[in-house]
Amino acid sequence: MILSNALEKINRYNQLSVHYNLVADSVYKARASINDLFGTDYLPYIVAALISFDLGRMMGKGSENRYDPYAKGFARNLYDKLQHIKLRIGHLTNVRLCNANLSGEKTNIIAAYDELALGGKNGLHQEEHEFHAGSTKILHFINPELFVIIDSNTARAFRASHGISYRNSTQSKYSAEKYFNCLEYAKTDLINFGVNEFCSLEKGSPMARIYDKLSYAAGSGWF
C-alpha cells in the first residue's frame, strides 16, 4: 500500500532524491510570492521544475526555447496552454486535496490535463508525442496541495495499490480519466490516514508533495 511504512518511505525518498527536493522547495517558495501562477513571472519556475524532474529531453534544446515565452518554442507553447487551463483551474490554485470537491471539478481537471498532455505540433513534447507525465508535473507546481504527480514509478504504485490500469512499463497507458481516479484515491488515502497525521509526516511540505514521495517510493519498491 502507498501509505504503509509512510515515514520510512519519506526518509528514503529524501535520502535518494535530494535534487528533486532542492528544486521543488525553491519553486514552492517562489510560488508563494507570485500572484499569477499562469503568467510569465511563474513560467520559468515551472520550466526549471520540469527540467529537474527528468523532462528536459522532451522540451527541446536551448535556454531561449525553454524559457523565453516570446520566442517560438517550448516556453511559448507552455504559456499558451497555461492561459487555456487558467479558465479551467484558475479557481483551484489554493484548494487542498483533503477539501477538494473532486466530483464537482472533474470536467475542469480532465480538460486541463488533456490540454497539457496533447500531442502534435502545438504540444509540449518536442517530438510531438503526448506529454502525460509532464502534464501532471505542471499541474502539481501550479497547486502542490492538490495535484499529485504521476510518472512511471507512481503509476506502478497506483496500479498495485488501487488497481488503476496503468501498464507496468515505461509506456504506462496514461489518460486524464485515470489521473482523476488517482486524485480520488489519493484523497481517500490521506483522509483514512488522518489529515493531521498525514501532514505531520513532513511538516511544511505541500499535501500532494507528501503523497508524491510516498507513491514514488512505493512504486520504486523501496518498502
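Taken together, the values in this text are just the output of simple stated rules run on the coordinates, not laboratory data. Predicted model only: the values in this text are computed from it and were never measured. Ideal geometry is used to build each Cβ from the backbone, glycine not excepted, and the neighbour counts take in all protein chains shown.
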Reduced to Cα centres, the span from the stretch 1-29 to the stretch 176-223 in Å works out to 11 Å
Acute angle (nearest 10 degrees) that the helix 102-117 long axis makes with the longest principal axis of the chain, alpha-carbon atoms: 50 degrees
Let me have the 222 nm mean residue ellipticity of the chain computed from DSSP H runs of 4+ only, each contributing -39500 (n - 2.57), with the sum over all residues rounded to the nearest 500. -18000 deg cm²/dmol
Given the C-alpha centroids of the stretch 87-124 and the stretch 57-81, what is the distance between them in whole angstrom? 21 Å
Structure-derived Rg and Dmax of the Cα atoms in Å: which label, when the choices are (1) 17.9, 63; (2) 16.3, 47; (3) 22.1, 77: (2)
Taking 0.36 nm per residue of separation between Asp80 and Glu177 and subtracting their Cα-Cα distance, the length gained on full extension comes to 32.6 nm
Could I have the simple spin-label model distance between Lys61 and Asp41, label points 7 Å from Cα toward Cβ, reported in nm to one decimal? 3.5 nm
Multiply the residue separation of Ile51 and Lys121 by 0.36 nm, subtract the distance between their alpha-carbon atoms, and state the gained length in nm to one decimal. 23.2 nm
Charges on Cβ only, +1 for Lys and Arg, -1 for Asp and Glu, centred on the Cα centroid of the stretch 1-121; of His91, Tyr113, Asn101, which one is farthest towards the dipole's positive end? Tyr113
tail above 22 Å in the computed P(r) of the stretch 91-214, as % of all Cα-Cα pairs, reads 32 percent
